[in-house]
Structure formats: C-alpha cells, structure tokens
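The values are calculated or read from the model by the stated rules, or taken from the named source; none is laboratory data. Since the structure is predicted, the reported quantities are computational estimates derived from the model, not experimental observations. Note: ideal-geometry Cβ built from the backbone for every residue, glycine included; neighbour counts use all protein chains shown.
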C-alpha cells in the first residue's frame, strides 16, 4: 500500500514499504541533512557579508523625533522631526573587505558542495550495506532450514545407533551458532534501516534497497587523475578570505578614510524658550559635509590587525594540513583496497568451490554411489552430507558478499578522497 510523503522541497511519491532507488535516497538525505542546511546557512551569511561591504557606499536614511518640554536654558535641540544620511566615500580597507567577502562566498559554496558529497557518501555506504545484509539474511534463513533438517537427521541416526550423541550435539551447536548469526544480522539490518530513516527523514522501515539501482563502483587507484576535494578548496578560500581581512585591518590604522553625512532638522519653539536665548532661531536647519578620518596613534586597531593576521596564518596552515592528510588517506586507502580486492577474490573462489561441491553431492544423491563393492568403493553420500554441503555453500556465499561490501566501501572512500565523488553521483542519477 502506497503512501504520500511530503518532503521539505516538494511532494514525492515514496512507497510505504517498498523498493526505493539509491538515487532517491541520496536526494532525500541531502535535502534533510543538517550539515547541508548549516552549509547553506553559511553561504547565505557570506552573501550577506558581501552585500554589507557594498552597501557601506550607499547612503542610509534615518528619520526620528526629539520632542520634549524644557524650562529655563534649553539643554537640547528642540527637533520635532529630523532626517539624516551618511555613507562611506573612500576607504582603502573596504576594498580588502570586499575581496574577503568574495573569497568567503567561494569558500561557502565549496563547503556546501563538500557537505552534499559527504552525505551522499555516507548514505550510499549505508544503503549498499543494508542491501548486502538483506541478502545475507535471506541466506541465513536458508541455513536455518538446512540446520533444522540436519538436527532431525542426526536425531534419527542417533536413534538408529549410526551416530553418537556427540554428533547430535555438534549439529545442535551448529544450529545455535547460525541462529545467533541470524540475530546479529537482524540487529545490524535494523540499525542500518534506522540510520537511513534518520538521514532521509522517512519513516523507519519504509525503505527496501533496490539492488538494481546501485551502479558499479569503478576500481580506481591512487594513480588515477586526481581532483582537489571541495573541502580542501573551501579551506584554502577561507584562508584567502582571512588574509584579505587581515590586510584590510592593517590598512585601517595606516590609511585615511572619508565619509559623507547630511542632517535635516525641523525645530519647534512651542515647548521651550529657545527664542529667548537664540535670537536667530529658524525651524528648518540643514547641514552636510565630508568627514575625513586620519589615524595616528590607534593601538587598538593595530592590535586587531595582528589578531586577524594570526587567524589568517592559522587558516592557511589548516588548509595545508587538510591537503596533507588527504594525501595520506589516499595512500592508505589504496593499500587497503588492494588487500580487500584480493580477499574478495578469495571469498568468491571459495563460494564457487563450495557451490561446485554442493552440485557434486546432489548429483551423487540422485544417482546413488553405494552399489559398488570392494575396499576402494566410494562410500554412499548421506542426507547429512547434503545438509552440511548446503549450509557450507550458504556460508561461503555470505562471506563473499561481505567481502564485496568491504571492497565497495573502500572504493567509495577512495573515490571521495580522489575528488571523483561528483562523477559517482552523476552516474548514480543517470542510472
């Protein structure tokens, strides 16, 4: 039964409990992600900061009133209404602040891109793991059926005096171990489903992975064409922004600044004795002019310039550190990937061998092999051997898909470290 789920960016149709593609899950997770929303808020803040640097040159306009009664000598201007405007005309630091704001927007845009790529990596990894665990659970359910039959066969063999009680205990132990393994898989699947629900904002249990929607993850290596990570570029742009900010603060105490101001007042003599003390009292008064500020000894501005210079240096070092850490991560992931690739190949070959052995056992069971006589005759294959072969084949299958999962995670991590996550997302949405 389908249900309509309303998401923040619009209305999308999502099954109440059915297969949902990986592309849909990634889109929902990016829209619902707190990290993405925070990065978007930082972008809006950076854009507002740029507007503020430009708006400093646009005259503001303020109106007000200062009406009140006074007795004796007037202590203030009797303005019924006033209007004033002021703006910046010339400022050397302001140019640097504008450059800092532009660099800040670049950094915010890249941080937003990096946040979107990170949430895409996280939810893709979780989705692929949930799909893998679901396949393991299906194989574990088959194993439980086979072990139930194995215990039944062993019980009959013990009753017939063919096997000992130890054989029956070993069969029961095998059944208990597989039951415990199945419980672990169920818990793991529930945790992954909850994680996807939290990341996408959908009800828990409403998403069933669609294996066909998962594109093949390319087998990349550290020698592939590298792109700089958006997060590293963001850190470098942030450092550049802080350097511009520091340069502006340094010019603040070294360069003059010119501003424009104008004031209009409409004064009244009704509630005071202004005309008694000021013979040339007029109701309409206007003043305007330029304000020139030349700093000489402003140690507070010098201290602030040193502070922002230190912040710029720190941001530069942090960007360099992020780049070096990414280089180390690439080398580490590349080495891990080679090992996991070999492990996945071994697990796949073991699963193929186990499947071939099961076919041989089944063929022997169908044709019968106990008719031959003599000391070198092949012993007849028993139903017990059949169940053991089935259990082993399903276990090797689970080992193979688990090894494939580890390999997929490592490949996605290396894609991210190499800066190719956007290529993966394009392939994902084009599938």
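With respect to residue 186, is the statement that it is farther than 19 Å from residue 123 by Cα, touching a residue at least 40 places away in the same chain (Cβ under 8 Å) and surrounded by fewer than 20 Cβ atoms within 10 Å (Cβ to Cβ) true? Please lay out each step first, then the result.
Numbers: farther than 19 Å from residue 123 by Cα: yes; touching a residue at least 40 places away in the same chain (Cβ under 8 Å): yes; surrounded by fewer than 20 Cβ atoms within 10 Å (Cβ to Cβ): yes.
So residue 186 passes the test.
Looking at segment 55-88 only, could you name the residues that are within 28 Å of residue 100 (Cα to Cα), in contact with a helix residue (DSSP H, G or I) (Cβ under 7 Å, 6 or more places away or on another chain) and not in a strand (DSSP E or B)? Correct list: 56 only.
Being closer than 30 Å to residue 29 by Cβ, in contact (Cβ under 8 Å) with a residue 12 or more places away in the chain and outside any loop (DSSP other than H, G, I, E, B) is a property that residue 128 has. Might you check whether a residue that is closer than 24 Å to residue 170 by Cβ and either modelled with pLDDT under 95 or assigned to a helix (DSSP H, G or I) (or both) occurs anywhere in segment 332-352? Yes, segment 332-352 contains a residue that is closer than 24 Å to residue 170 by Cβ and either modelled with pLDDT under 95 or assigned to a helix (DSSP H, G or I) (or both).
Selection of segment 19-29 for residues being surrounded by fewer than 21 Cβ atoms within 10 Å (Cβ to Cβ) and either in a helix (DSSP H, G or I) or at pLDDT 95 or above (or both) yields 23, 24, 27. Of the residues examined, residue 211 is one that is surrounded by fewer than 19 Cβ atoms within 10 Å (Cβ to Cβ) and in contact with a helix residue (DSSP H, G or I) (Cβ under 7 Å, 6 or more places away or on another chain). Any residue at all in segment 250-263 that's over 30 Å from residue 425 (Cβ atoms), modelled with pLDDT of 85 or more, touching a helix residue (DSSP H, G or I) at 6+ places or on another chain (Cβ under 9 Å) and in a strand (DSSP E or B)? Within segment 250-263, one or more residues are over 30 Å from residue 425 (Cβ atoms), modelled with pLDDT of 85 or more, touching a helix residue (DSSP H, G or I) at 6+ places or on another chain (Cβ under 9 Å) and in a strand (DSSP E or B). Does residue 139 satisfy being within 29 Å of residue 215 (Cα to Cα) and touching a residue at least 24 places away in the same chain (Cβ under 8 Å)? Yes, satisfied.
Report yes if residue 423 is under 23 Å from residue 152 (Cβ atoms) and either part of a helix (DSSP H, G or I) or modelled with pLDDT of 90 or more (or both), otherwise no.
Working: under 23 Å from residue 152 (Cβ atoms): no; either part of a helix (DSSP H, G or I) or modelled with pLDDT of 90 or more (or both): yes.
No.
One line per residue, one yes/no per condition, for (1) within 21 Å of the chain's Cα centre (by Cα); (2) surrounded by 13 or more Cβ atoms within 10 Å (Cβ to Cβ):
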{"position": "193", "(1), (2)": "yes, yes"}
{"position": "203", "(1), (2)": "yes, yes"}
{"position": "230", "(1), (2)": "yes, yes"}
{"position": "247", "(1), (2)": "no, yes"}
{"position": "287", "(1), (2)": "no, no"}
